[in-house]
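Chemist: Structure below; questions to follow.
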């Protein structure tokens, strides 16, 4: 067993390292820089694009930017060695490299990504070294866990028996900035959007396991009424069962976690799946030389006398003037313009195209919507509590997504620095010592859930 480092709890923390300065970093960096000013500590923001990191820091006296290729282990270790707390905003598959360094160098680590099994396996080492490794500390996962767990415990404390838990989140475009046929723009990692839903979704309904494979996921969406906004489409997340025990919902007959999309989105995305262009498993060898029109032609039959657009419409079961076809045409899939991406996978080509079409424009506002549904039995009656969060961004940089991903991590950094977190090892934020102070402070930033109660039986 590795030796405990008793000095870690008592050590004054003066240096915070943030790795990654992308879309979701803005609010986190602002919060931590203000924290650094108050506590007299220092923040380093490291990114593969040093100009982007520098822009996030600005001229703040308590911050500096640094270049980092995270795969260069010596540079990575050097930066981590000088920090007390590390916040990783890297893609999920890169967290593990950082985590191993944090173990060796005895540094606390915070991420917003789902915790992998490989990360969980570091739990004993982290605990032995009195290190705090907190994952899933963003929006979804993050605020969803904390707000759900808080409400579940509240229902249990008053004697309620939970019979259903459903939770949905969506990173969307605010209605006033909605100006395209998809009613959607990127507010988070484009790659994750393109690959969304791949795998088989599983959930509980009526006490029975339900499985929804990728080829049916966007066909079998549901319509959910969001208080104050109206109807949205919802498709099921990959595995809703992961948090059943963690949330204390053992034996519950209904549990479902899903993602919100605007009306009409799921049918159009399903068309992209039917064509085959969300596939990231193989390269198109001549993709650098062909047009989008030729690319589409490669997916349809050689029936003479029909245009490529007509063939695609036939393939997906749509007429030429349907809303779905209008969405595909607006994307530029039928343009005689070269793709110019050599040896790219279909998913990468699609991502490249969507980056062009779904960017937030100047002054655009995004919107995050989260809604929990708790059904429970109490006093001989069946109750439903709907708990809804709706938050709009300020502009294309200060987004609601950035705020809701970044602020929970920033607040957690403060709690660690103040010695208010006792849970070492690898964890997610379902402990009262975490979710109570984080949710309380988030209210100061306008992050407030509104509840709607009803008796349903």
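Chemist: Between residue 220 and residue 356, with labels modelled 7 Å along Cα→Cβ, what's the label distance in nm to one decimal, could you check?
Modeler: Here the answer is 3.6 nm between the modelled labels.
Chemist: To the nearest Å, what is the center-to-center distance of segment 164-233 and segment 101-133, using C-alpha atoms only?
Modeler: 31 Å
Chemist: Separate question: Between residue 64 and residue 263, what is 0.36 nm times their sequence separation minus the Cα-Cα distance? Round to one decimal in nm.
Modeler: The residue 64-residue 263 span can extend by a further 67.3 nm.
Chemist: Let me ask something else about it. Could you tell me the distance between the Cα centroids of segment 7-81 and segment 386-457, to the nearest Å?
Modeler: Segment 7-81 and segment 386-457 have Cα centres separated by 21 Å.
Chemist: How long is segment 7-135 along each principal axis, judged by its Cα atoms, biggest number first, in Å?
Modeler: Answer, in whole Å and largest first: 40, 32, 25 Å.
Chemist: Give me the angle, in degrees from 0 to 90, between the Cα long axis of helix 143-157 and the longest principal axis of the Cα atoms of the chain, rounded to the nearest 10.
Modeler: In the chain, helix 143-157 runs at an angle near 70 degrees to the longest axis.
Chemist: Place the peptides 424-430, 370-376 in order of packing, highest mean first, counting for every residue the other Cβ atoms within 10 Å and averaging per peptide.
Modeler: Highest to lowest by the protection proxy: 370-376, 424-430.
Chemist: Compute the angle between helix 346-357 and the longest alpha-carbon principal axis of the chain, please, reported from 0 to 90 degrees and rounded to the nearest 10.
Modeler: It is inclined by approximately 80 degrees.
Chemist: Same structure again: I need the calculated FRET efficiency for the pair residue 12 and residue 279, taking r as the beta carbon distance and R₀ as 45 Å, to the nearest 0.05.
Modeler: Details: r = 51 Å, r/R0 = 1.14.
It comes out at approximately 0.30.
Chemist: Sort the chain into rounded, prolate or oblate with this rule: let a ≥ b ≥ c be the square roots of the eigenvalues of the Cα gyration tensor; rounded if a/c is under 1.5, and if a/c is not under 1.5, prolate when a/b is larger than b/c, oblate otherwise. If you can, show how the numbers build up before the last one.
Modeler: Numbers: a/c = 1.88, a/b = 1.26, b/c = 1.49.
Oblate, because a/c is 1.5 or more while a/b does not exceed b/c.
Chemist: Given a Förster distance of 60 Å, report the FRET efficiency between residue 418 and residue 310 from their Cβ-Cβ distance, rounded to the nearest 0.05.
Modeler: Approximately 0.40, to the nearest 0.05.
Chemist: I've got another one for you. Tell me the Kirkwood hydrodynamic radius of segment 276-387 in angstroms, computed as one over the mean inverse distance between distinct C-alpha pairs.
Modeler: 17.2 Å
Chemist: I need the P(r) histogram for segment 259-318: all alpha carbon pairs, bin width 10 Å from 0 out to the longest distance, whole percents.
Modeler: All Cα pairs, binned at 10 Å, distribute as 19, 45, 30, 6, 0 percent.
Chemist: To the nearest 0.05, what FRET efficiency results for residue 229 and residue 326 with a Förster distance of 25 Å applied to their C-beta separation?
Modeler: Working: r = 24 Å, r/R0 = 0.95.
FRET efficiency, residue 229 to residue 326: 0.55.
Chemist: Counting every Cα pair in segment 174-261, what percent are over 18 Å apart?
Modeler: Tail fraction, whole percent: 54.
Chemist: Let me ask you something else. Roughly how tilted is helix 26-39, in degrees to the nearest 10 and between 0 and 90, from the longest Cα axis of the chain?
Modeler: Once rounded, the angle reads 10 degrees.
Chemist: On full extension of the chain, what length is gained from residue 302 through residue 105, given 0.36 nm per residue of separation minus the C-alpha to C-alpha distance?
Modeler: 64.9 nm
Chemist: Report the label-to-label distance for residue 176 and residue 96 in nanometres (one decimal), using points 7 Å from each Cα along the Cα→Cβ vector.
Modeler: 4.5 nm
Chemist: With label points built 7 Å along Cα→Cβ from the Cα atoms of residue 450 and residue 158, find their separation and express it in nm.
Modeler: 2.0 nm
Chemist: Determine the calculated [θ] at 222 nm for the chain from helices alone, applying -39500 (n - 2.57) to every DSSP H run no shorter than 4 residues and normalising by the residue count; nearest 500 deg cm²/dmol. Intermediate results must be reported in sequence, preceding the final value.
Modeler: Working: 17 runs with 156 residues, N = 457.
Result for the chain: -9500 deg cm²/dmol, rounded to the nearest 500.
Chemist: On to the next question. Assign one of three labels to segment 75-210, namely rounded, prolate or oblate, based on the Cα gyration tensor with a ≥ b ≥ c the square roots of its eigenvalues; rounded applies when a/c is under 1.5, prolate when it is not and a/b is larger than b/c, and oblate otherwise. Mind dumping the intermediate values first?
Modeler: On the way: a/c = 2.08, a/b = 1.29, b/c = 1.61.
Note, shape of segment 75-210 comes out oblate.
Chemist: Only bridges with both residues in the chain count here: give the DSSP antiparallel percent, nearest 5.
Modeler: Given both bridge residues lie in the chain, the antiparallel proportion sits at roughly 60 percent.
Chemist: For segment 311-357, what does the alpha-carbon gyration tensor say about shape, rounded, prolate or oblate, given a ≥ b ≥ c as the root eigenvalues, a/c under 1.5 as rounded, and a/b over b/c as prolate?
Modeler: Numbers: a/c = 2.30, a/b = 1.92, b/c = 1.20.
In terms of gyration-tensor shape, prolate.
Since every read-out is calculated from the coordinates, none of them should be taken as a lab result. Because the structure is predicted, anything quoted here is derived from the model rather than measured. Here Cβ is always computed from backbone atoms with ideal geometry, including for glycine, and neighbour counts include all displayed protein chains.
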